[in-house]
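The values are calculated or read from the model by the stated rules, or taken from the named source; none is laboratory data. Since the structure is predicted, the reported quantities are computational estimates derived from the model, not experimental observations. Neighbour counts are summed over all protein chains in view; Cβ atoms, including those assigned to glycine, are modelled from backbone coordinates with ideal geometry.
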């Protein structure tokens, strides 16, 4: 089963596996089963990058943007180091080895299987708005991005949100980019570069200040990534994406009206989509402002509103970081 690796404010890491109890999932363990086990200590790093860094992980997990089975971390000196998660712990041999150097904490980091090589890779947006690709060769990052960039002009103020996903349903992920004016543009990727792929296509507009959270997942399981958003009015809304217009030969967002998938979702909650049930389908975990963990299974075009005693699947979750993990 999947679970969460969490970081406490003292730098400890703990592992909370998800348990199947009948037809329900929960972080409350059965009798005589220990949970919240300490799996790491003294984790004081600048950036944490979960990913599928070891080859051989089931494709239904690693073909999703998010989660992981190991962590790459950024130290103050700019080094990247790799910590595998084996036998449900980070206390393993050959851990913390340097896998990259010269990285900065103010850069933006996007982990996905960018080169379709069976493991995660890394794309970085630097402080000049350039995109740089660092393929993972199984032991470390190739330094291609040190001297070659794969896209430029992605200034953070002009392009505040870059959303990786399998937007075209191809082998390689692409980027859905939200501009400051609320427009969404799709930048295709060919495994090597965003350049020379033709002009980006505008696929949406109106995604402005009324939207606070963006969750890109294959929510409708139609072969392409969809977009779930939270609005300031506390509604969650689904924007289905795919080959939905017979008059166009490219993927588009569905026409309105857009389904409201949930209500009453607060701005300061932690939104944690992941594959929480069998079958490789996305659902949503939420850690609310009372540090309770809530489970929202997704079916069709909406979240199922479970009864309160089933919805709450954990309590006392006051942590600094949450990473959904799928141990090998």
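Structure summary
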{"read-out": "The range 224-236, residues that are more than 16 Å from residue 188 (Cβ to Cβ) and within 18 Å of the chain's Cα centre (by Cα)", "value": "226, 227, 228, 229, 230, 236"}
{"read-out": "Any hit, the range 236-245, residues being in contact (Cβ under 8 Å) with a residue 40 or more places away in the chain, touching a strand residue (DSSP E or B) at 6+ places or on another chain (Cβ under 9 Å), outside any loop (DSSP other than H, G, I, E, B) and at positive phi", "value": "yes"}
{"read-out": "Some residue of the range 98-111 being closer than 18 Å to residue 55 by Cα, surrounded by 13 or more Cβ atoms within 10 Å (Cβ to Cβ) and touching a helix residue (DSSP H, G or I) at 6+ places or on another chain (Cβ under 8 Å)", "value": "no"}
{"read-out": "Every residue from the range 214-235 that is in a loop (DSSP other than H, G, I, E, B) and either touching a residue at least 60 places away in the same chain (Cβ under 8 Å) or surrounded by fewer than 17 Cβ atoms within 10 Å (Cβ to Cβ) (or both)", "value": "218, 219, 220, 221, 222, 223, 225, 232, 233, 234, 235"}
{"read-out": "Residue count for the range 32-67, restricted to those that are within 27 Å of residue 168 (Cβ to Cβ), assigned to a loop (DSSP other than H, G, I, E, B) and at pLDDT 95 or above", "value": "0"}
{"read-out": "Complete set of residues in the range 187-210 that are free of Cβ contacts under 8 Å to residues at least 24 places away in the same chain and under 20 Å from the mean Cα position of the chain (by Cα)", "value": "188"}
{"read-out": "Test for residue 255: is it surrounded by 11 or more Cβ atoms within 10 Å (Cβ to Cβ) and modelled with pLDDT under 95", "value": "no"}
{"read-out": "Residue match in the range 197-213 (condition: touching a strand residue (DSSP E or B) at 6+ places or on another chain (Cβ under 9 Å), buried (at least 17 other Cβ atoms within 10 Å of the Cβ) and closer than 25 Å to residue 275 by Cα)", "value": "yes"}
{"read-out": "Long-range neighbours under 8 Å by Cβ, at least six apart or interchain, first residue on the phi < 0 side of the Ramachandran plot within the range 307-328, second assigned to a helix (DSSP H, G or I)", "value": "326/61"}
{"read-out": "Whichever residue in the range 1-27 is assigned to a loop (DSSP other than H, G, I, E, B) and surrounded by 14 or more Cβ atoms within 10 Å (Cβ to Cβ) and, among such residues, is nearest to the chain's Cα centre (by Cα)", "value": "2"}
{"read-out": "All positions within the range 262-272 that are modelled with pLDDT of 95 or more and assigned to a strand (DSSP E or B)", "value": "270, 271, 272"}
{"read-out": "Scan of the range 296-328 for residues that are under 17 Å from residue 281 (Cα atoms) and part of a strand (DSSP E or B), ordered by number", "value": "296, 298, 299, 302, 303, 324, 325"}
{"read-out": "Single condition residue 293 does not satisfy, out of (1) modelled with pLDDT of 95 or more; (2) surrounded by fewer than 19 Cβ atoms within 10 Å (Cβ to Cβ)", "value": "(2)"}
{"read-out": "Failed condition for residue 213, given (1) more than 14 Å from the chain's Cα centre (by Cα); (2) over 22 Å from residue 149 (Cβ atoms)", "value": "(1)"}
{"read-out": "Test: residue in the range 68-77 that is at pLDDT 95 or above, part of a loop (DSSP other than H, G, I, E, B) and under 18 Å from residue 125 (Cβ atoms)", "value": "no"}
